[in-house]
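Presented below is the structure to which this report refers.
Derivation of every value follows stated rules applied to the coordinates shown; laboratory data play no part. This is a predicted model, so every value here is computed, not measured. So basically every Cβ, Gly included, is an ideal-geometry build from the backbone, and we count neighbours across all protein chains shown.
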Amino acid sequence: MKLDILRALNAERAARRAAVVVTDVASGEQRLVKAADVARDPLKDVIEKHIRRGKSGMAETPAGKIFLTVHVPPSQLVITGAVHISQALAPIARLLGYDVTIVDPRTAFASI
């Protein structure tokens with residue numbers, strides 16, 4: 001992967017925005033498609049389908065085979081109340097790939 005594509009991809013991931021690296025299988029050429037640019041892309045239907053599924057994969061286009069590497073931010077789970085259920089739910093949710101935030105207004109649990 002070229003450095004400029006990697007930098008742009010990392011910026012999108014840090015901002016929690018979806019992005020897809022489209023690789024031409026025959027030539028190895030790569031390009032980055034940001035979520036904001038999908039509607040203007042010639043492969044919009046294929047890219048949207050892969051983003052919705054959240055999975056990378058191969059696709060056939062009139063120009064040949066491409067591989068789409070999908071990068072979507074994890075789903076967020078906000079748990080209200082730092083109680084016994086939260087203590088069990090938070091680690092399970094993290095294992096399942098969720099970005100977990102626990103909110104509790106009690107000052108005894110304040111971390112910021």
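Restricting to segment 53-97, name every residue that is aliphatic (A, V, I, L, M) and either in a strand (DSSP E or B) or under 28 Å from A8 (Cα atoms) (or both). Matches in segment 53-97: M58, A59, A63, I66, L68, V70, V72, L77, V78, I79, L95, L96. Contact list please: Cβ distance under 7 Å, first residue in segment 9-21 and closer than 16 Å to A39 by Cβ, second residue among the β-branched types (V, I, T) and surrounded by 12 or more Cβ atoms within 10 Å (Cβ to Cβ), pairs at least six apart or on different chains. Pairs found: A18/I51; A18/V72; A19/V33; V20/V33; V20/I47; V20/I51; V20/T69; V20/V70. Just one of the numbered conditions (1) of a type in the set (K, R); (2) touching a helix residue (DSSP H, G or I) at 6+ places or on another chain (Cβ under 6 Å); (3) touching a residue at least 24 places away in the same chain (Cβ under 8 Å) is not true of K44: (3).
Evaluate the following for P62: is it touching a Phe, Trp or Tyr at 6+ places or on another chain (Cβ under 8 Å) and not basic (K, R)?
Values: touching a Phe, Trp or Tyr at 6+ places or on another chain (Cβ under 8 Å): no; not basic (K, R): yes.
Here the answer is no, as P62 does not meet what is asked.
Within segment 2-28, which residues are hydrophobic (A, V, I, L, M, F, W, C) and part of a strand (DSSP E or B)? Across segment 2-28, the qualifying residues are A19, V20, V21, V22. Exactly one residue out of T80, T69, T61 is surrounded by 14 or more Cβ atoms within 10 Å (Cβ to Cβ), touching a residue at least 12 places away in the same chain (Cβ under 8 Å) and of a type in the set (S, T, Y), and it is T69.
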